[in-house]
Amino acid sequence: MPDRISVAIVQAAPVFLNLEASLAKAITFIEQAARNGAQLVAFGETWLPGYPAWLDYCSDVALWDHEPSKKVFARLRQNSVTVPGKEIGRLAEIAGDHKLTLVGGSAIIGPDGKYVVEPVYDEEKIISAELDLTRIDCEKMTLDVSGHYSRPDVFEFKLRSRT
């Protein structure tokens, strides 16, 4: 395994609920990252077809028999990728052409749990970094509690004493 790897994360929005246009946009970003030397390119976990943000803001969206929710869910599903499928096949082809790996993710975090490069929120761009893979061995003893599984906004650990 090499000691260093060049990584890039695409910090950009897809063309929401338009799989074909989002795929074309993804390919453009992949090719740009490859030209800049990336060996691994990451997109947000829900980049294709886009995160259903309405789940966070619409009170009626989770109703099972709500016709507008059914319609928007159907559109989301129609614009989602299948694995295996032609869109995933196209992404695999592009990755093979450029000899790089594609993954899902949203920040470049070192093995010590600190940002190597922080996410970008106010513009579309590719963030990139050169990673020193030898640092992984130095941090293996930490059990990743300070790494990307650390989610104090979601999880809380409390120890109750029995009295």
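Read-outs: derived from the displayed coordinates by stated rules, not from any lab. In this text, all values refer to a predicted model and were calculated from it rather than measured experimentally. Methodologically, a virtual Cβ is constructed for each residue, glycine included, from the backbone with ideal geometry; neighbour enumeration extends over all protein chains shown.
When Trp47, Trp54, Trp64 are ordered from fewest to most other Cβ atoms inside 10 Å of their Cβ, what list results? It would help to have the intermediate numbers written out before the result.
Numbers: Trp47 20, Trp54 14, Trp64 6.
Final ranking by Cβ density, sparse to dense: Trp64, Trp54, Trp47.
Sequentially through region 9-26, phi angles give Karplus couplings (6.51, -1.76, 1.60; θ = phi - 60°) of 10, 7, 9, 7, 8, x, 8, 3, 6, 9, 4, 4, 5, 5, 4, 4, 5, 4 Hz, Gly and Pro residues having no value and appearing as x.
Can you give the calculated 222 nm mean residue ellipticity of the chain, where each DSSP H run of n ≥ 4 adds -39,500 (n - 2.57) and the sum is split over every residue, rounded to the nearest 500 deg cm²/dmol? Spell out each step's value before the answer.
On the way: 4 runs with 47 residues, N = 163.
Helix-only estimate at 222 nm: -9000 deg cm²/dmol.
Neighbour counting of Cβ atoms within 10 Å sorts the residues Cys138, Cys58, fewest neighbours leading, into Cys138, Cys58. In this label model, His66 and Ile136 are separated by 4.3 nm, measuring between points 7 Å along each Cα→Cβ vector.
Decide, for the chain, between rounded, prolate and oblate: order the square roots of the alpha carbon gyration tensor eigenvalues as a ≥ b ≥ c, take rounded if a/c falls under 1.5, and otherwise choose prolate if a/b is larger than b/c, else oblate. Write out the running numbers ahead of the final one.
Values: a/c = 2.28, a/b = 1.09, b/c = 2.10.
Since a/c reaches 1.5 but b/c is at least a/b, the shape of the chain is classed as oblate.
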